[in-house]
1. Of the conditions (1) crowded, with 17+ Cβ neighbours inside 10 Å; (2) under 18 Å from PHE189 (Cβ atoms), ALA69 clears all except one; give me its number.
2. Looking for something exposed (fewer than 10 other Cβ atoms within 10 Å of the Cβ), over 24 Å from the mean Cα position of the chain (by Cα) and under 23 Å from LEU107 (Cβ atoms) - is there at least one such residue anywhere in region 182-193?
3. Tell me, please, whether a residue that is assigned to a helix (DSSP H, G or I), in the same structural domain as VAL315 (by TED's automatic domain parsing) and free of Cβ contacts under 8 Å to residues at least 24 places away in the same chain can be found in region 198-215.
4. I'd like to know if region 36-53 contains one or more residues that are at pLDDT below 95 and either within 28 Å of LYS124 (Cβ to Cβ) or of a type in the set (Phe, Trp, Tyr) (or both).
5. If VAL41 passes every condition in (1) surrounded by 16 or more Cβ atoms within 10 Å (Cβ to Cβ); (2) among the hydrophobic types (A, V, I, L, M, F, W, C); (3) touching a helix residue (DSSP H, G or I) at 6+ places or on another chain (Cβ under 7 Å); (4) more than 24 Å from ARG155 (Cβ to Cβ) but one, which one does it miss?
6. For region 90-106, does any single residue satisfy the condition of being small (Gly, Ala, Ser), in contact (Cβ under 8 Å) with a residue 40 or more places away in the chain and over 17 Å from ALA74 (Cα atoms)?
7. Show me the strands (runs of 3 or more DSSP E) found entirely inside region 220-322 where at least 2 residues are over 19 Å from GLY134 (Cβ atoms).
8. Hey, can you tell me all the residues within region 45-86 that are closer than 19 Å to GLY23 by Cα and either in a helix (DSSP H, G or I) or outside the structural domain of GLU174 (by TED's automatic domain parsing) (or both)?
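The values are calculated or read from the model by the stated rules, or taken from the named source; none is laboratory data. Fair warning: this is a prediction, and the values are worked out from it, not measured in the lab. In this analysis, Cβ positions are derived from the backbone assuming ideal geometry, glycine residues included, and neighbour counts consider all displayed protein chains.
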Amino acid sequence: MKIFVWTEHFDNKLAQASKEAIGAAKSLGDQVTALVFGQNVDAIVQEAFHFGADAVIKADDATLADFRAEPYIALVAQIARDHQPDAILAGATTRGREVLGGVSADLDAALLDDVLSLSIEDGKLTATRAMYAGKVLTKEQLSGEGVQLATLRSRAFKALDADTSRSGEVISVEPVLSEDEIATKSEGFEGTVGEISLTEAAIIVSGGRGVGGPEGFEPIRELAKVLGGAVGASRATVDAGWIPYEHQVGQTGKVVSPDLYIAAGISGAIQHQAGMRNSKVIVAINKDAEAPIFKLARYGVVGDLFEIVPALTEVFKEKLGK
């Protein structure tokens, strides 16, 4: 299998989702080629090699400096036509889904989205995907001819350990679209500084309606800080304006798969479960012993989160020497 991986990068660093996608490709294919687009991306090219790529197709141009769907989709589709890979993978991030979704339309190619596991059977991509808000796992296989596409759920696949001695062939290509042909124009970019991405976090501490208000997230943030994790939230708290949308976990928010998910004051509506049920360990803290979240949790604590969460924070500070 000849597998290409479309990569993302931020602040001159390869995104974790792309590292995981390269690792997944290495477990499936004989030859893994990373697609690296942007401006001044030589450092990203080297990082792609370090995390397992055997070759890199690089497009270094001002029109690709900021992510825009039109030039990225057109370029990936053209590379697929020119090089005829068996499959193209990407992380199931907002951008990864947009790019491979567009490539799927351009090439009339089948796409497996947000997969939890991936294998090759009879030369075809075969995946496990979650259905019905995560209640059911399905096994799906692509059919037909041509390139096969798949986006991989963050943290569902393991990235390889970096090997800084690795290098490989670099193929440079030109953009398909000129600036005049790109309808979207980028006027600026504003990032969130000092926050851990929910989709990449190994530990998430989430608050629900039980926190009572915006100030109720303070003990949640403190515990997350001590554990080196991210802060999550239920839709109810976001709708109430207690915390920004980027913290929302659930069917209409982020879908996460951390090693540890602590749900404090969250009843566990099915919409929230859809976003976190694939967490490896779930801990629920709630006054209501009948809350649905306890059916999903490995560990449950019935009680007042404003007593339990600070107590956990103090214990972890002591254990972790913080």
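1. (1)
2. Scanning region 182-193 turns up at least one residue that is exposed (fewer than 10 other Cβ atoms within 10 Å of the Cβ), over 24 Å from the mean Cα position of the chain (by Cα) and under 23 Å from LEU107 (Cβ atoms).
3. yes
4. Pass one, region 36-53, residues at pLDDT below 95: none.
Among the residues of region 36-53, not one is at pLDDT below 95 and either within 28 Å of LYS124 (Cβ to Cβ) or of a type in the set (Phe, Trp, Tyr) (or both), which makes the answer no.
5. (3) is the only condition that VAL41 fails.
6. Let us first name the residues in region 90-106 that are small (Gly, Ala, Ser), namely 90-92, 96, 101-102, 104-105.
Filter again for in contact (Cβ under 8 Å) with a residue 40 or more places away in the chain, leaving 90-92, 96, 104.
Checking which are over 17 Å from ALA74 (Cα atoms) leaves us with 91-92.
Yes; the residues of region 90-106 include at least one that is small (Gly, Ala, Ser), in contact (Cβ under 8 Å) with a residue 40 or more places away in the chain and over 17 Å from ALA74 (Cα atoms).
7. Details: elements: 230-233, 260-264, 281-286, 299-302.
Here the list reads 230-233, 281-286, 299-302.
8. VAL45, GLN46, GLU47, ALA48, PHE49, HIS50
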